[in-house]
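Okay, so here's the structure we're looking at.
The values are calculated or read from the model by the stated rules, or taken from the named source; none is laboratory data. Not measured: the values here are computed from a predicted model. Note that each Cβ is placed from the backbone with ideal geometry, even for glycine, and that neighbours are counted across all protein chains shown. The area values use the complete protein model at the heavy-atom level, side chains included, leaving out ligands, DNA and RNA. Shrake-Rupley method; radii C 1.70, N 1.55, O 1.52, S 1.80 Å.
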Amino acid sequence: MSVLRVGVIGYGYWGPNVVRNLYALEACEVAALCDQNPAALQRAHRTYPSLHTTTDAYDVLTSPDIDAVAIVTPVWTHYDLARAALENGKHVFVEKSFTATAHQAEDLVELADRRNLRIMVDHTFLYTGAVKKIRELIDKGVLGPLYYFDSSRVNLGLFQHDVSVLWDLAPHDLSIMDHVIGEKAEAVVATGACHVNDHADMAFITVYFPGNVVAHINVNWLSPVKVRMTLIGGRAKMLVWNDLEADEKIKVYDRGVNVTSRQGVYDLLVSYRSGDVWAPKVDQTEALKAELGYFLDCIGTGATPVNDGQAGLRVVRMLEAADRSMAERGSVVRLS
Ligand SMILES: NC(=O)c1ccc[n+]([C@@H]2O[C@H](COP(=O)([O-])OP(=O)(O)OC[C@H]3O[C@@H](n4cnc5c(N)ncnc54)[C@H](O)[C@@H]3O)[C@@H](O)[C@H]2O)c1
């Protein structure tokens, strides 16, 4: 496969991770880096002295020498930058959240389809060993039919000035949930509050799925402790993923409830099962490297990435629905 030339826009907090991982991939060359802040480019030059840099995104977006663009800027800039990249025939890797509105996401998906270009939305967690293992366990039926997905992503800060905790942290959990449950969400209910500035700093989101599967996501910038914990309950087994554990991030519990009689509600016999606990081996490869490698593969083969524009759109629709529900103090917002 020929080497793909990738331009990166945005070298703030997350951009250096994207650039570093692109540098590590043989199938690509980092052709240019743009940041409107010259200090960010000086920082990049210290690590990559020969990297071509610019403060004007359009140098990257219109360059005939660039095949794909990675957009690592704040959410409100994604749409204009991604649209310009697609219009100039570039494949697009864009950070979460894909866009600021579902309408923008639909427009980008349609444009990419029409131009036969790939969009990948950076849902990094899908490429972690933990999420790959969880998906494998669910696909193999180890957990049995799912009951619930319950995720907490809380810590003190980092307050963002342009987005709420919902748009900053919940895309991680929503994209993981979307990927492992693999069903179309039906409705969203959310509550939350702003305590420090005009953006919500804590939110509780409930997502309803067909078959009585329910997901709950707790995101909070005002927590005294850091928690990154997901519980997934199935009829056969239950799983705990503690992302802060160095080893044994995932534990599968042979625990649950057995209903032995259903003849009538009064003679329902419930017994509790408490069996072995098992910690499956989890791949430790850096997720972003695997994800970017897969992005380059998809460009080469024409395959549609798992976390394509449609996946990004599903997450943005849920975020919009959660915003609406939260504004109405927990109304049920249906996803069409
Ligand atoms: N996948 C992940 O785990 C993950 C983690 C952190 C952030 N992110 C996402 O990455 C994106 C960037 O977040 P961040 O924390 O790095 O933000 P940041 O504010 O630290 O950095 C953004 C950079 O983009 C530059 N920039 C903004 N608009 C520009 C433009 N039009 N042209 C050129 N440069 C421009 C800014 O100067 C800044 O250096 C966001 O979408 C965020 O949600 C993803």
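Key figures
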{"read-out": "Structure-based [θ]222 nm, the chain - -39500 (n - 2.57) summed over DSSP H runs of at least 4, per residue, nearest 500", "value": "-10500 deg cm²/dmol"}
{"read-out": "Candidates ARG83, ARG46, ARG317, ranked by Gaussian network fluctuation over the chain, Cα under 10 Å, top entry", "value": "ARG46"}
{"read-out": "Accessible area of segment 236-336 belonging to carbon and sulfur atoms, whole % at 1.4 Å probe", "value": "49 percent"}
{"read-out": "Dipole magnitude of the chain, debye to nearest 20 (Cβ charges: Lys/Arg +1, Asp/Glu -1, about Cα centre)", "value": "880 debye"}
{"read-out": "Carbon and sulfur %, accessible surface of segment 130-193 computed with the full protein complex present, 1.4 Å", "value": "54 percent"}
{"read-out": "ASN17-ASP276 pseudo-label distance in nm [points 7 Å out on the Cα-to-Cβ vector]", "value": "3.5 nm"}
{"read-out": "Cα gyration tensor category, rounded, prolate or oblate, for segment 43-131 with a/c compared to 1.5", "value": "oblate"}
{"read-out": "Computed lengthening from ARG5 to ASN258, 0.36 nm per intervening residue step minus Cα-Cα distance", "value": "85.5 nm"}
{"read-out": "Debye, to nearest 20: dipole size of segment 167-262, +1 on Lys, Arg Cβ, -1 on Asp, Glu Cβ", "value": "520 debye"}
{"read-out": "Residue order for TRP76, TRP14 - accessible surface, 1.4 angstrom probe, largest first", "value": "TRP76, TRP14"}
{"read-out": "Segment 6-92: GluC sites (Glu not before Pro) in DSSP coil with no more than 11 other Cβ atoms inside 10 Å", "value": "GLU26"}
{"read-out": "Rounded, prolate or oblate (a/c below 1.5 giving rounded, otherwise prolate when a/b exceeds b/c) for the chain by Cα gyration tensor", "value": "prolate"}
{"read-out": "Of SER164, SER151, SER271, the one that fluctuates the most in a GNM where the chain has Cα springs shorter than 10 Å", "value": "SER271"}
{"read-out": "At R0 = 30 Å, FRET efficiency that the Cβ-Cβ distance of ASP283 and ALA187 yields, to 0.05", "value": "0.30"}
{"read-out": "Theoretical gain in end-to-end length, TYR48 to LEU268 [0.36 nm per residue, Cα-Cα removed]", "value": "72.5 nm"}
{"read-out": "Nitroxide proxy distance, nm - points 7 Å out along Cα→Cβ at ALA236 and ALA327", "value": "4.4 nm"}
{"read-out": "Whether segment 151-256 is rounded, prolate or oblate, judged on the alpha carbon gyration tensor where a/c under 1.5 counts as rounded", "value": "oblate"}
{"read-out": "Rounded accessible area of ARG20 (nearest 10 Å², 1.4 Å probe)", "value": "100 Å²"}
{"read-out": "21 Å Cα cut-off, lysine pairs counted over segment 70-195 (separation 8 or more, or different chains)", "value": "5"}
{"read-out": "Separation in nanometres of the label points that stand 7 Å from Cα toward Cβ, at ASP65 and LYS140", "value": "4.8 nm"}
{"read-out": "Computed E for GLU110/PHE159 - FRET, C-beta separation, R0 25 angstrom, nearest 0.05", "value": "0.10"}
{"read-out": "For the chain: accessible area per residue (Å², 1.4 Å)", "value": "48 Å²"}
{"read-out": "Full-stretch length increase - THR301, ASP247 - with 0.36 nm per residue and alpha-carbon distance subtracted", "value": "15.9 nm"}
{"read-out": "Residue among GLY330, ALA246, ASN220 farthest towards the positive dipole end of the chain, charges placed on Cβ", "value": "ALA246"}
